[in-house]
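Below is one structure; the comments refer to it alone.
The values are calculated or read from the model by the stated rules, or taken from the named source; none is laboratory data. Computed from a predicted model, the values in this text were never measured in an experiment. FYI the Cβ positions are ideal-geometry reconstructions off the backbone, even for glycines, and counts take in every protein chain you see. For the accessible areas, the whole protein counts, side chains as well, though only heavy atoms, and no ligand, DNA or RNA atoms are used. Shrake-Rupley method; radii C 1.70, N 1.55, O 1.52, S 1.80 Å.
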Amino acid sequence: MPARVEAIGGVNRRPVRQRLLWTVAGFGTLALAACLLAPLVGSTRISLAAVFDRSIPYGENIDAQIFFVARLPRVLAAALVGSALALAGVVFQALLRNPLASPDTLGVSAGAALGAMMAITFGLDFSLLGISAVPLASFAGSMGALAIVYGLSTARRRGTSAVVLLLGGVTVHALLSAVIAFVQYLADFTQTFRNVRWLMGSLDVASYAPIVAALVPLFVAWAGFATLPRVLDLISVGSESAAARGVNIERTERVALVSASLATGAAVSLAGPVSFVGIIVPHLVRLIVGADHRLVLPASALFGGAFLIGCDLVARTIVAPLELPVGIVTAIIGGPVFLWLLFRRM
Amino acid sequence: MAAVPKNVAAIAVAVLIAAFTAGSPEGLRYDDTLARRSALVAQPFRAAPTDVPPRRIISLIPATTEMLFAMGAGDRVAGASNYDRYPPEAARLPKLGGLLDPDIERVIALKPDLVIVYDTQVDLKKQLERARIPIFPYVHRGLADITQTMRALGARVGAKAAADAAATRIEQQLAAVGARVAGRARPKTLLVFGREQGTLRHVNASGGYGFLHDVLEIAGGADVLGDLRKQSVDMSTEMILTRAPEVIIELHYSGEMKPEAFEAERRVWDAMPSVPAVKTGRIYLLDGQEFVVPGPRIVVAAERFARALHPEAFR
């Protein structure tokens, strides 16, 4: 990697370090505010004083349990899933040089869904370190899909074109979706119901164990993402010109592919498929901060978390005491926003 | 993605319709006249044969299969659904598909003189009418529909006396369960239909109507979600905590759950120690097929609920 790579599309003349500071400060405040405020709101009114009142034993303290069992894990899960999907979206869009690419594009989330469907339909009943069968099988499924796509991308000696990766990934996605349909077909009535419900996505994780488990692949993904910002700028213009500037394209593409897939797999196994976050958050962020990935990546991570926390807040309060599946809310909010973006550009 | 199986079924049905209509002079065209004519043709076959008891009955719903056996018409059942397990004789019958994917070809090949279908199986009904096979459409809403259907079905298959007697017996047994727990405090009960194994995610529970809701009320429980006009409710963790049920009854349907699995699944609820049912340990996991079949075994379900809710009444 060259020591200095100039930012592209630099309409903004301020030094990138200063812009990064402002970007992180702005989106960070938004994300932090979402994290702090969201647990206070819900279908029931709780007293914050009671939540932290040590004189009431925890077993008796309903306010504390609503706060610590029902709401806090949910908000944390939303923050992690939202940021993971947004980051994966940014990386896939740059890697595949396609604005429509999303965490779902390469079949990783379909692999995760297939794993979950199989665990539910065939009644798999095992757990590992407090993690139940469905998220485990789901993560395994996403890694299976990654293995196929990674195999495709390395089948040729010297990297592969974005077009081949994209077509291969889309085909894997379609293939896995067909297998999902087949597993669904084998399921009986009560299982079908649970399968359908899982496919709508839910952040109501009800404990911290699945969040901690998801952090393991997420840490690996974050480490990968951290190496990417500068080279993604070059790759998103074209791999030839990037190579001309001394970027190890092959290695970078693999780091990008594996990191984004790990993030997607972790997110989907934690919350089920939550659509649109990975597609609209990066586009919205680019509208605000420009195309420089040194800004887009951290801003998307923070804004993705805040966005999903907000969507989940809507999902759990709008029809209280019932709630909407969060995947429906992200699609209903995300769909029109994305269309607006699209027509604005035309 | 979830809609794909339905699409597959719809395509399969469409192909079948094409196959059937291709031979008729109207060909593939399907217009109003044809629909009206086929309805006119089918009408007498549905209404007329009440005086001639059917001899080859196909029941595509486990509940009606059990009803036929309960009224002594089991030996006339020629085929059942993929989900029929009870009585054991029913499990040995030819399996002809389920609600969404009935195997129409095999249904017709078995030459039935009565097919019991669920009322929403519109395509199947149309096909059977066209094949001039009489049907008995069945719908199910609440507990009262069980004995009502039994009586109507008994009259239709020429087993009126036996069906009436069996239906009356069910009503009496349910009343006896109700009488046994009468006058006792009715605990606020959460009736869980399903959740993700090993966690408290995706808890789905009984709302304010449906046959299991009715059975719960007869067995002396007050449905903690009884105010919601939904048959089943997706519950959030927060909702479980705020509704604070005094008893949790959780249904499993395999009929072969192991004791250690029971214990592990019961412990999952410990994450919510403020819920009264968790505090007092009143969490009951009941495993049985009778909880999914709104048929004669509903009496068994009612008694199991009552024993869980009011153990002292059964000493």
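Worth pointing out:
- Residue that is most open to solvent (accessible area, probe 1.4 Å), among those in the range B:79-99 that are away from every other protein chain (no Cβ under 14 Å), small (Gly, Ala, Ser) and not in a strand (DSSP E or B): B:Ala91
- Residue check for A:Ala266: touching a residue at least 60 places away in the same chain (Cβ under 8 Å), farther than 21 Å from A:Gly327 by Cβ and part of a helix (DSSP H, G or I): no
So that you can scan it fast, the table gives a plain yes or no per residue for (1) open to solvent by 10 Å² or more (accessible area, probe 1.4 Å); (2) among the aliphatic types (A, V, I, L, M); (3) assigned to a loop (DSSP other than H, G, I, E, B):
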| residue | (1), (2), (3) |
| --- | --- |
| A:Ile56 | yes, yes, yes |
| A:Ala70 | no, yes, no |
| A:Val75 | no, yes, no |
| A:Leu80 | yes, yes, no |
| A:Ala84 | no, yes, no |
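- Checked against the criterion of being closer than 12 Å to A:Val81 by Cα, more than 14 Å from chain B (Cβ to nearest Cβ) and out of contact with any Lys or Arg (no Cβ under 9 Å at 6 or more places or on another chain), the range A:285-302 has at least one qualifying residue.
- Conditions (1) open to solvent by 70 Å² or more (accessible area, probe 1.4 Å); (2) at the interface with chain B (Cβ under 10 Å from one of its Cβ atoms); (3) under 24 Å from the mean Cα position of the chain (by Cα); number of the one not met by A:Tyr185: (3)
- When residues in the range A:127-145 are screened for being at pLDDT 80 or above and either in contact with a Pro (Cβ under 8 Å, 6 or more places away or on another chain) or crowded, with 23+ Cβ neighbours inside 10 Å (or both), 8 of them pass.
- Per-region count, the range B:291-303, residues in a helix (DSSP H, G or I) and in contact (Cβ under 8 Å) with a residue 60 or more places away in the chain: 6
- Scan of the range B:247-274 for residues that are more than 8 Å from chain A (Cβ to nearest Cβ) and closer than 13 Å to B:Val192 by Cα, ordered by number: B:Val247, B:Ile248, B:Ile249, B:Glu250, B:Leu251, B:His252, B:Glu265, B:Arg266, B:Trp269
- In the condition set (1) of a type outside the set (Val, Ile, Thr); (2) more than 13 Å from chain A (Cβ to nearest Cβ); (3) in contact with a Ser or Thr (Cβ under 8 Å, 6 or more places away or on another chain); (4) surrounded by 21 or more Cβ atoms within 10 Å (Cβ to Cβ), B:Ala222 is compliant with all but (4).
- Members of the range B:190-219 that are at the interface with another protein chain (Cβ under 8 Å from one of its Cβ atoms) and either open to solvent by 20 Å² or more (accessible area, probe 1.4 Å) or touching a residue at least 24 places away in the same chain (Cβ under 8 Å) (or both): B:Phe193, B:Gly194, B:Gln197, B:Gly198, B:Thr199, B:Leu200, B:His202, B:Asn204
- Top-ranked residue in the range A:152-182 [being polar (S, T, N, Q) and modelled with pLDDT under 85; ranked as surrounded by the fewest Cβ atoms within 10 Å (Cβ to Cβ)]: A:Ser161
- Just one residue in the set A:Ser83, A:Ser55 is under 22 Å from A:Ile280 (Cα atoms) and either in contact with a strand residue (DSSP E or B) (Cβ under 9 Å, 6 or more places away or on another chain) or more than 12 Å from chain B (Cβ to nearest Cβ) (or both); that residue is A:Ser83.
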